[in-house]
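Working notes, beginning with the structure itself.
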Amino acid sequence: MKNGTFYIFNGANSKFQKNDEPIRDLLAGEILVGIAYATICGSDIHTFCGIREEATPSILGHEIVGKVLSLNSEGANLDALGKTISIGDRITWTVYASDPNTNVYNPDVPQKNQDLYKYGHRRLTDGDDFNGGLATHIILRPHTVVRVLPDDLPLQVAATINCAIATAAGAIRLAGESCGKRVVISGMGLLGLTIVSMFKEAGANEIIVSDVQPERLKLAKAFAADVTINTNDVSLQEYMESQCKTADIYVDMSGVPEAMEQGIAALGVNGRAVLVGAVFKQHKISLDAENIIRKLITIRGLHNYNYEDFNFAVDFMVNQWKNYPFQDLIEKEFHFDEVDIAFEFAVSNKPIRVGINQNLS
């Protein structure tokens, strides 16, 4: 038995509480991972600021990458591709463990199973700890899907795969065939920037993006956006009408009601909309039902991702991280002992991502 450390979140806008305690023995199917790097996701910020409610006390953080330290020999110890998981492997994993033996399990949406075990989103108890990213270790529970990663994949890039990148992969799956299509995307955070590059690699003919921050629109160009719209200057609707354009696909990563309304209105016949960003309470959106019916528009919502999306995300990043400036999206790094400062920076500066590096000197 060895000791580990984690930071406890006790409530909105409060200081984190550092805690050291022994790491329990592993049960069947569990894996002990030494956390190398974690990033602060937007949902972590929403929880920290009280916009999103989570059970407390808890260990925040779910965008994580780490190294296998030990495994329970009773488990299968195979990753999603059938590769043997060995001590010393660098791995990523789904943000949830979903038991396929439940009565309501659906392999198409395992993220919506009952009794889902979700890392970084659980109440901390005596029998359930080391379950979030603001820690030295994490215990992966049974039914967590794992992928072994190549050693040359940078930690900053690898940490974001199991949340933002996989969610973007789910959105592009729901968007359907995009080769030769005109795509409109609202919100150039990590999700938005990632799906720009995914649509580019999928052969989209034109990618139009919108945001209110000039620096993020500049980044979007580096991720292969063709047209950038600052909606402080001109609305998406005004731009599309002035250019006599309609969209084949619309993806919202912003969560802004007005953006969703205008994006759906911009769709042409057989247009498809995927809504991802609205993950906290806000005012309802208004839709033109006649427009949706006459244009045969499809609207899909996405929350988290399935196993197909997770595997696509891993493969995409392994193959494409050198072709797009993903490493630049970690705008500042902090040491593990600087968790409070890291969150203060994230809240005040609203960067794409902040990194928590266990090895930063």
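The values are calculated or read from the model by the stated rules, or taken from the named source; none is laboratory data. Owing to the predicted nature of the structure, the values given are computational and were not obtained by experimental measurement. Here Cβ is always computed from backbone atoms with ideal geometry, including for glycine, and neighbour counts include all displayed protein chains.
Name the single residue, out of those in region 294-315 being hydrophobic (A, V, I, L, M, F, W, C) and more than 14 Å from the chain's Cα centre (by Cα), that is nearest to residue 151 (Cα to Cα).
Among residues in region 294-315 that are hydrophobic (A, V, I, L, M, F, W, C) and more than 14 Å from the chain's Cα centre (by Cα), the one nearest to residue 151 (Cα to Cα) is 299.
Mind checking which residues of region 9-41 are buried (at least 22 other Cβ atoms within 10 Å of the Cβ), farther than 22 Å from residue 70 by Cα and either among the small types (Gly, Ala, Ser) or in contact with a Cys (Cβ under 6 Å, 6 or more places away or on another chain) (or both)?
Once the filter is applied, which keeps residues that are buried (at least 22 other Cβ atoms within 10 Å of the Cβ), farther than 22 Å from residue 70 by Cα and either among the small types (Gly, Ala, Ser) or in contact with a Cys (Cβ under 6 Å, 6 or more places away or on another chain) (or both), region 9-41 yields only 41.
Among residues belonging to region 25-49 that are touching a residue at least 60 places away in the same chain (Cβ under 8 Å) and charged (D, E, K, R), point out the one that is farthest from residue 333 (Cα to Cα).
30
Return yes when residue 115 is among the acidic types (Asp, Glu), closer than 17 Å to residue 304 by Cβ and either outside the structural domain of residue 337 (by TED's automatic domain parsing) or in contact with an Asp or Glu (Cβ under 8 Å, 6 or more places away or on another chain) (or both) and no when it is not.
Considered against the rule, which asks whether it is among the acidic types (Asp, Glu), closer than 17 Å to residue 304 by Cβ and either outside the structural domain of residue 337 (by TED's automatic domain parsing) or in contact with an Asp or Glu (Cβ under 8 Å, 6 or more places away or on another chain) (or both), residue 115 comes out as yes.
Answer with yes or no whether residue 115 is surrounded by 15 or more Cβ atoms within 10 Å (Cβ to Cβ), charged (D, E, K, R) and either modelled with pLDDT under 95 or part of a loop (DSSP other than H, G, I, E, B) (or both).
no
Which residues, taken from region 305-356, are surrounded by 20 or more Cβ atoms within 10 Å (Cβ to Cβ) and among the acidic types (Asp, Glu)?
309, the sole residue that qualifies.
So which strands (runs of 3 or more DSSP E) stay within region 200-289 end to end and still have 3 or more residues that are under 21 Å from the mean Cα position of the chain (by Cα) and at pLDDT 95 or above?
Here the list reads 206-211, 247-252, 267-275.
Could you please give the count of residues in region 164-201 that are among the polar types (S, T, N, Q) and out of contact with any Phe, Trp or Tyr (no Cβ under 7 Å at 6 or more places or on another chain)?
So the answer is 2.
I need the full set of residues from region 210-230 which are small (Gly, Ala, Ser) and either surrounded by fewer than 18 Cβ atoms within 10 Å (Cβ to Cβ) or over 14 Å from residue 186 (Cα atoms) (or both), in order please.
If the condition is that a residue be small (Gly, Ala, Ser) and either surrounded by fewer than 18 Cβ atoms within 10 Å (Cβ to Cβ) or over 14 Å from residue 186 (Cα atoms) (or both), then 222, 224 are the ones that fit.
Can you run down the residue pairs with Cβ atoms below 7 Å, 6 or more apart or on separate chains, where the first is in region 61-79 and in contact (Cβ under 8 Å) with a residue 60 or more places away in the chain and the partner is exposed (fewer than 14 other Cβ atoms within 10 Å of the Cβ)?
69/87; 75/28
Confirm whether residue 299 is modelled with pLDDT of 95 or more, under 29 Å from residue 79 (Cα atoms) and of a type outside the set (Lys, Arg).
So residue 299 fails the test.
Looking at 192, 176, 187 in this structure, which one is surrounded by fewer than 22 Cβ atoms within 10 Å (Cβ to Cβ), at pLDDT 95 or above, not assigned by TED's automatic domain parsing to the domain that holds residue 328 and not aromatic (Phe, Trp, Tyr)?
It is 176.
Let's see how each residue does on (1) in the same structural domain as residue 173 (by TED's automatic domain parsing); (2) modelled with pLDDT of 95 or more; (3) under 21 Å from the mean Cα position of the chain (by Cα):
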residue: 7; (1), (2), (3): no, yes, no
residue: 31; (1), (2), (3): no, yes, no
residue: 40; (1), (2), (3): no, yes, yes
residue: 44; (1), (2), (3): no, yes, yes
residue: 59; (1), (2), (3): no, yes, yes
residue: 62; (1), (2), (3): no, yes, yes
residue: 76; (1), (2), (3): no, no, no
residue: 83; (1), (2), (3): no, yes, no
